[in-house]
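This report concerns only the one structure given below.
Each reported figure results from applying straightforward, stated rules to the coordinates on display, with no laboratory input. Just so you know, these numbers come straight off a predicted model, no measurement behind them. No Cβ is skipped: glycine too gets one built from the backbone with ideal geometry, and neighbour counts run over all protein chains shown.
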Amino acid sequence: MPSLGRKILLQYCNMKQIWAFIVFFFSVVVNAQDIKTSQIEFDKAYLQAAGSIKEVSQGGFYEPQFNVGVKGIFSKSLDMKLSVGTASLLSKPNWISSGSEKISLVDAVATYRTNYIDFYAGQFLIPWGLEGTTSEADLFFQRTLLYENGYFILRDYGFGMRAQNSGFSFDLSAHSGEGGGSYNSDNKLFVTGQWSYQTPMQTSIGLSLTQGHYDNTQLRGANLFFKFNFANIKLMIEASGFQSIFNSVQTDWLAWHGDIIYHASDEINLLARYEQYNPNFQEVQNVLGRGNLSLEWHNRDSSSRLFFSFLKNNESLNESPNDEYRITWRIATL
């Protein structure tokens with residue numbers, strides 16, 4: 001990006017100005033379209049409840065999650081999605097205070113579609129790998145350590161463009177880097193892009209890249225993913241590597257996971273995952289690992305899903321008794 005253009009973006013990228021840009025841009029589009037009719041419809045509903053039994057006689061219930069959304073269709077080219085739900089769905093990065101709110105705006109994105117490229121703006125899942133672009137209703141596992149502990153951004157506000165043709169696709173966005181629902185106090189910007197290819201058999205490979213600043217830290221990273229479908233088996237492998245620089249000190253870290261999903265019958269899937277997070281390649285650190293073995297039961301249209309899971313947690317330096325059995329019930333409109 002030219003230095004002048006980058007300087008302008010960094011100087012003027014804050015939440016109020018981004019939303020002002022969104023309102024202005026789409027009001028121009030709406031007026032240009034000479035829209036005579038519009039339609040508001042129910043878009044989605046998601047509800048999840050979970051409980052667990054942990055080692056050392058611990059257990060209980062997790063905070064229930066929900067997300068309810070509507071969609072406004074203003075023309076063949078212009079639509080907007082809006083959803084409200086549990087604030088924890090934002091999965092804010094750990095360099096930002098999570099706040100005390102329990103309910104928050106989760107997704108709010110307007111999209112203008114052309115014959116070749118779609119332009120969008122608002123608050124959205126940033127284009128980062130397989131998991132990062134998958135909504136909670138469509139997940140087979142809980143969020144990985146990468147998002148559970150806020151090591152990277154899940155949802156954020158900004159604007160972008162995307163396109164796809166003959167299996168190839170790209171998605172490029174500029175966003176605040178402070179997570180959904182946050183105020184861009186440092187006026188700094190992240191740029192994140194994803195490029196992928198998917199075959200007619202739903203096998204896909206992709207690459208994501210990101211670079212940005214928060215506080216006095218520069219962060220850049222890459223994500224590589226591969227998804228393979230064969231008969232009743234789905235295999236997914238994904239790795240995210242990052243490099244952060246703070247006061248001239250460089251830290252390299254990695255998060256990865258491998259998933260296997262076996263379609264055992266029309267109502268049952270068998271699931272297995274192993275994931276790992278290494279916080280620093282240069283020093284001896286506490287590497288976190290987690291294995292997951294699950295049985296998933298779902299009804300015919302998968303609007304109701306029940307998960308029985310065993311989670312094995314391990315730490316390379318400070319091992320603690322924290323394995324658990326978890327039961328999760330999810331209801332979602334698909």
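Using the structure shown, decide if THR192 is under 14 Å from the mean Cα position of the chain (by Cα) and more than 29 Å from GLN48 (Cα to Cα). Against the criterion (under 14 Å from the mean Cα position of the chain (by Cα) and more than 29 Å from GLN48 (Cα to Cα)), THR192 qualifies. Filtered by the rule that a residue be farther than 10 Å from GLN218 by Cα and not hydroxyl-bearing (Ser, Thr, Tyr), the stretch 241-253 gives GLY241, PHE242, VAL249, ASP252, TRP253. Taking the criterion of being assigned to a loop (DSSP other than H, G, I, E, B), within 14 Å of the chain's Cα centre (by Cα) and more than 21 Å from LEU293 (Cα to Cα), the residues of the stretch 111-134 that qualify are ILE126, PRO127, TRP128, GLY129.
In this entry, SER169 is excluded by the filter for residues that are small (Gly, Ala, Ser), crowded, with 21+ Cβ neighbours inside 10 Å and part of a strand (DSSP E or B).
Applying the criterion of being outside any strand (DSSP E or B) and either charged (D, E, K, R) or within 22 Å of the chain's Cα centre (by Cα) (or both) to the residues of the stretch 322-334, the residue that is farthest from LEU254 (Cα to Cα) is THR333. Only one entry of GLY180, GLY193, GLY221, GLY212 meets the criterion of being under 20 Å from ASP156 (Cβ atoms) and in contact with a Lys or Arg (Cβ under 6 Å, 6 or more places away or on another chain), and that entry is GLY180. Within this structure, THR217 passes the test of being touching a residue at least 40 places away in the same chain (Cβ under 8 Å) and surrounded by fewer than 17 Cβ atoms within 10 Å (Cβ to Cβ).
Scanning the stretch 310-328 for residues that are within 25 Å of VAL68 (Cα to Cα) and surrounded by 15 or more Cβ atoms within 10 Å (Cβ to Cβ) gives ARG326, THR328.
Would you please name the residue that is farthest from GLN123 (Cα to Cα), looking only at residues in the stretch 183-211 that are surrounded by 22 or more Cβ atoms within 10 Å (Cβ to Cβ) and among the small types (Gly, Ala, Ser)? Ranking the candidates gives GLY206 first.
Could you check how many residues of the stretch 140-166 are farther than 15 Å from SER91 by Cα and in a strand (DSSP E or B)? Count: 8.
Within the stretch 245-275, the set of residues being of a type outside the set (A, V, I, L, M, F, W, C) and surrounded by fewer than 17 Cβ atoms within 10 Å (Cβ to Cβ) comprises ASN247, SER248, GLN250, ASP252, GLY258, TYR262, HIS263, SER265, ASP266, GLU267, TYR274.
If you check TYR147, TYR112 for being touching a residue at least 12 places away in the same chain (Cβ under 8 Å), in contact with a helix residue (DSSP H, G or I) (Cβ under 6 Å, 6 or more places away or on another chain) and surrounded by 16 or more Cβ atoms within 10 Å (Cβ to Cβ), only one passes: TYR112.
Quick one: count up the residues across the stretch 276-296 that are surrounded by 14 or more Cβ atoms within 10 Å (Cβ to Cβ) and over 24 Å from the mean Cα position of the chain (by Cα). Selection size over the stretch 276-296: 1. Tell me, please, whether a residue that is out of contact with any Lys or Arg (no Cβ under 9 Å at 6 or more places or on another chain) and under 30 Å from PHE159 (Cα atoms) can be found in the stretch 256-272. Yes: the stretch 256-272 contains one or more residues that are out of contact with any Lys or Arg (no Cβ under 9 Å at 6 or more places or on another chain) and under 30 Å from PHE159 (Cα atoms).
For the stretch 128-144, filtered to residues that are buried (at least 19 other Cβ atoms within 10 Å of the Cβ) and aromatic (Phe, Trp, Tyr), the residue that is farthest from ARG305 (Cα to Cα) is TRP128. The condition (being of a type in the set (Asp, Glu) and within 23 Å of the chain's Cα centre (by Cα)) is satisfied by just one residue among ASP259, ASP301: ASP259.
Does the stretch 120-137 hold any residues that are free of Cβ contacts under 8 Å to residues at least 60 places away in the same chain and of a type outside the set (A, V, I, L, M, F, W, C), and which are they? Residues satisfying the conditions are TYR120, GLN123, THR134.
Condition check ((1) touching a residue at least 24 places away in the same chain (Cβ under 8 Å); (2) among the β-branched types (Val, Ile, Thr); (3) under 30 Å from ASN216 (Cα atoms)) across all residues:
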site	(1), (2), (3)
ALA255	yes, no, yes
TYR274	no, no, no
VAL284	yes, yes, yes
LEU288	yes, no, yes
ASN299	yes, no, no
